[in-house]
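Written below as structure tokens is the structure these notes are about.
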Amino acid sequence: YGNLMHTALSRIFCVEDIETSVNSMLLEGLLISGEVEMLTKKLKKLLSQPDIAPFFEKGLEIKTEAELLLPEGKSYRPDRVVFYAEKAVVLDYKTGIELEKHKNQINAYAETIGRMGFSRVEKYLLYTATEKLLIV
């Protein structure tokens, strides 16, 4: 379930992409036909929540799974970064329980994005199983 949800979310730029994302996963053999409706419903419910929906609006500048390279050779791959005129928002998806290492991970992402010139970076962890959005 966790991998399926993560894969689907990585392909969704706006809520209108949910069915396309899920159907492409079916065509690629990542899902069986019986899972399509369940995953589609779960994604629609998740992404329609008032605190989550703004990050999946049409027309936003978004990078999913984009690699961030540091001068010292380290790299990071945040799940979703949304760029606004005044800020960047880092959103990372988690399918399990809340762990402190998740906060450490997203803080590292935000620090890296800050080094790219964004003075304001907001950080969110989205726990898909519980549908909880945690502000870090």
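Table for the structure above
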{"item": "Residue that is in contact with a strand residue (DSSP E or B) (Cβ under 7 Å, 6 or more places away or on another chain), surrounded by 13 or more Cβ atoms within 10 Å (Cβ to Cβ), at pLDDT 95 or above and part of a helix (DSSP H, G or I), where the choices are Leu9, Leu26, Leu43", "result": "Leu9"}
{"item": "Verdict on Lys123 being closer than 24 Å to Ala8 by Cβ and either among the basic types (Lys, Arg) or open to solvent by 20 Å² or more (accessible area, probe 1.4 Å) (or both)", "result": "yes"}
{"item": "So Ala66, is it under 21 Å from Leu134 (Cβ atoms), surrounded by 12 or more Cβ atoms within 10 Å (Cβ to Cβ) and out of contact with any Cys (no Cβ under 6 Å at 6 or more places or on another chain)", "result": "no"}
{"item": "Qualifying residues in the stretch 33-43 (those that are under 17 Å from Gly2 (Cβ atoms) and among the hydrophobic types (A, V, I, L, M, F, W, C)) - the one farthest from the chain's Cα centre (by Cα)", "result": "Met38"}
{"item": "Meets criteria (more than 15 Å from Lys123 (Cβ to Cβ), open to solvent by 70 Å² or more (accessible area, probe 1.4 Å) and either not acidic (Asp, Glu) or not in a helix (DSSP H, G or I) (or both)) for Gly59", "result": "yes"}
{"item": "Residue in the stretch 98-116 that is outside any helix (DSSP H, G or I) and crowded, with 16+ Cβ neighbours inside 10 Å present", "result": "no"}
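The values are calculated or read from the model by the stated rules, or taken from the named source; none is laboratory data. Because the structure is predicted, anything quoted here is derived from the model rather than measured. As a convention, Cβ positions derive from the backbone with ideal geometry for all residues, glycine included, and neighbour counts pool all protein chains shown. Heavy atoms of the whole protein, side chains included, go into the accessibility calculation; ligands, DNA and RNA do not. Shrake-Rupley method; radii C 1.70, N 1.55, O 1.52, S 1.80 Å.
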